[in-house]
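Student: Before anything else, here's the structure in question.
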Amino acid sequence: MPDKPLFLFGTLRYPPVLEAVAGMPLAYEPATLTDHAVTEAQEPGGGTLHFPLLVARPGAEAQGALIRPGAEARAALDLYERIFEYHPVPVIAQTAEGPVEALLYQTADEHWLPGPDWSLDAWAAAHGGLAAEVAAEVMALSLEHPAAVLRRRYPLLAGHVASRRRARSEAAPATRRRAPQPGDVTVEGRRTPYAKVFAIEENRLRFRHHDGTDSAPVERAAFVLTDAVTLLPYDPKRDVVLLVEQFRFAPFLRDDANPWTLEAIAGRIDAGETPEAAARREAAEEAGLEIGALHSVARYYSSPGAVTEFLYSYLALVDLPEGADGIHGLATEAEDIRTHLIPFAEAMAMLETGEIANGPLVISLQWLALNRARLRGAQSA
């Protein structure tokens, strides 16, 4: 069977994705699959996913393409599809020359539901660039990690790639710091010894010194985390903030006497999601709040010496009536989050005592202290 062509119906029909997976460009031959259609995949709850689903539909014709990869490219394609539990099954594809025996990557997982018809062009315009980068990252990691690890890592990996794309697109002012130039950093080697909820990436590299010379090769390691948001809800009429409290593993590992921390609402930015949309989603998940306009507090690295995490911190003006506190969080993520309504003066006092020792919350409360009179005055005007 390995010598049979492959029938592609989905995202591998996008040349940059196929090349990223196969490791080389491959020629396409137009083909169809009768009595089938390609639809958007949907979750049972109704959420649309960003990949296509091949479904049986009498009288329909699924548009696709045939490729004839060599042994090396075929092995790479098999590996990539195995990550998502897709395996080759025989089909008869229709071409301009007539029917052709081919193989189709298919899964036995029937968890997804068919949605509207899927368009390759529409998908490529919205997600193609990100998908190609993610595919390249998956193939690089596949040299070090098994399929099961990459399957679990994939959503966060997509978020990390989206973070990199966001970083490349945002302004990087350099009024006092040096302006970067091509060739400033040369990576001589890269490995990722750990890749689960987050990853650890190690590089052997050279970087440009301030005097213009290149450094000797150095080894650096960092925790790879996707971009994240924090949100501090503030009621200017009652002068109260809403904080969340939850158990945190890192303080526990440090032997902190109390690993339950007070924080702003926070969460990772999903691939394809804006920071503002992530803030609104997290407000609903962690505190049951619907929020409107967001005030940007700051954008910053949490610990640039060792962590890729970049934070977007916001404050939102919200009506916080008595009873807005409670227990929230997603059971699917084992979250147990308690919300607190705390007067502004009490929150600032907890900064002094150290009961609030969470960086984004410290920054957000200090921003609120600087802007509180303006925010309260705007509400009363």
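Student: Any chance you could give the angle, 0 to 90 degrees and rounded to 10, that helix 275-287 forms with the longest Cα principal axis of the chain?
Tutor: Between helix and principal axis, roughly 70 degrees.
Student: Can you show me the helix-derived [θ] at 222 nm for the chain, built from DSSP H runs with n ≥ 4 at -39,500 (n - 2.57) apiece and divided by the number of residues, rounded to the nearest 500. Can you show the working numbers first?
Tutor: Details: 9 runs with 111 residues, N = 381.
Using -39500 (n - 2.57) per qualifying helix, the result is -9000 deg cm²/dmol.
Student: Can I ask one more? Using each residue's phi in the range 358-372, evaluate 6.51 cos²θ - 1.76 cosθ + 1.60 at θ = phi - 60° and report the 3J(HN,Hα) Karplus result to the nearest Hz, with x for Gly and Pro.
Tutor: 10, x, x, 5, 4, 4, 5, 5, 5, 5, 4, 4, 6, 10, 4
Student: Taking the Cα-to-Cβ direction at A378 and at L79 and moving 7 Å from each Cα, how far apart do the two end points lie in nm?
Tutor: Taking the simple label geometry, A378 and L79 are separated by 5.3 nm.
Student: How high is the FRET efficiency from A250 to D117, r the C-beta distance, R0 45 Å, rounded to 0.05? Walk me through the intermediate numbers first.
Tutor: Working: r = 46 Å, r/R0 = 1.02.
It comes out at approximately 0.50.
Student: Relative to the present Cα-Cα distance, how much length would full extension add between L49 and L370 at 0.36 nm per residue of separation? Present the calculation step by step, with values, prior to reporting the outcome.
Tutor: On the way: separation 321, 0.36 × 321 = 115.56 nm, distance 4.20 nm.
Stretched out fully, the L49 to L370 stretch lengthens by 111.4 nm.
Student: Quick query: amide H of H36 versus all other amide H atoms, modeled in the peptide plane; which residues come in under 5 Å with a sequence gap of 5 or more or a different chain?
Tutor: So H36 has HN proximity to R57, A60, E61, A62.
Student: For the chain, find the longest principal axis of its Cα atoms and tell me its angle to the long axis of helix 147-169, 0 to 90°, nearest 10.
Tutor: Helix 147-169 and the main axis of the chain meet at about 60 degrees.
Student: On a full-extension model of 0.36 nm per residue, what is the gain between L351 and Y28, subtracting their alpha-carbon distance, rounded to one decimal in nm?
Tutor: Using 0.36 nm per residue and subtracting the Cα-Cα distance, I get 110.1 nm.
Student: Here is a follow-up. Along its principal axes, what span do the Cα atoms of the chain show, with the longest given first and each in whole Å?
Tutor: Between the extreme Cα coordinates on each principal axis of the chain lie 77, 58, 41 Å.
Student: Residues with beta-carbon under 13 Å from that of T32, excluding T32: net charge, scoring Lys, Arg +1 and Asp, Glu -1?
Tutor: Counting the neighbours of T32, the net charge comes to -2.
Student: With springs connecting C-alpha atoms under 10 Å apart, model the chain as a Gaussian network and identify which of L341, L157, L232 has the largest mean-square fluctuation.
Tutor: Checking each option, the largest mean-square fluctuation is seen for L341.
Student: Ok, one more. Short version: ³J(HN,Hα) in whole Hz for each residue of the range 73-78, in order, from phi by Karplus 6.51 cos²θ - 1.76 cosθ + 1.60 (θ = phi - 60°), x for Gly and Pro, what are they?
Tutor: Using θ = phi - 60°, the values come out as 5, 5, 4, 5, 5, 4 Hz.
Student: Here is a follow-up. I'd like the Karplus ³J(HN,Hα) series for the range 175-185: coefficients 6.51, -1.76, 1.60, θ = phi - 60°, whole numbers in Hz, and an x wherever there's a Gly or Pro.
Tutor: With the stated coefficients, the range 175-185 comes to 8, 10, 7, 5, 8, x, 10, x, x, 4, 10 Hz.
Student: Something else now. If amide hydrogens are placed 1.01 Å from N in the peptide plane, which non-local residues have theirs closer than 5 Å to the one on L49?
Tutor: Amide H neighbours of L49: A41, Q42, E43.
Student: Then there is this: How do the peptides 70-78, 207-215 rank, highest first, by the average count of neighbouring beta carbon atoms within 10 Å per residue? Mind showing how you got there, number by number?
Tutor: Values: 70-78: 15.6, 207-215: 9.9.
My ranking of the peptides, most packed first, is 70-78, 207-215.
Student: Still on this structure, I have one more. Under a 5 Å amide H to amide H cut-off, with H placed in plane at 1.01 Å, what residues pair with L103 once short-range neighbours are removed?
Tutor: Distant-sequence amide H within range of L103: L6, F7, V91.
Student: Would you mind pulling out the separation of the Cα centroids of the range 285-302 and the range 25-96, in Å?
Tutor: Centre-to-centre (Cα) distance: 40 Å.
Values quoted throughout were computed directly from the atomic coordinates according to the rules given, and no laboratory measurement underlies them. Everything numeric here is computed off the predicted structure, so don't read it as measured data. FYI the Cβ positions are ideal-geometry reconstructions off the backbone, even for glycines, and counts take in every protein chain you see.
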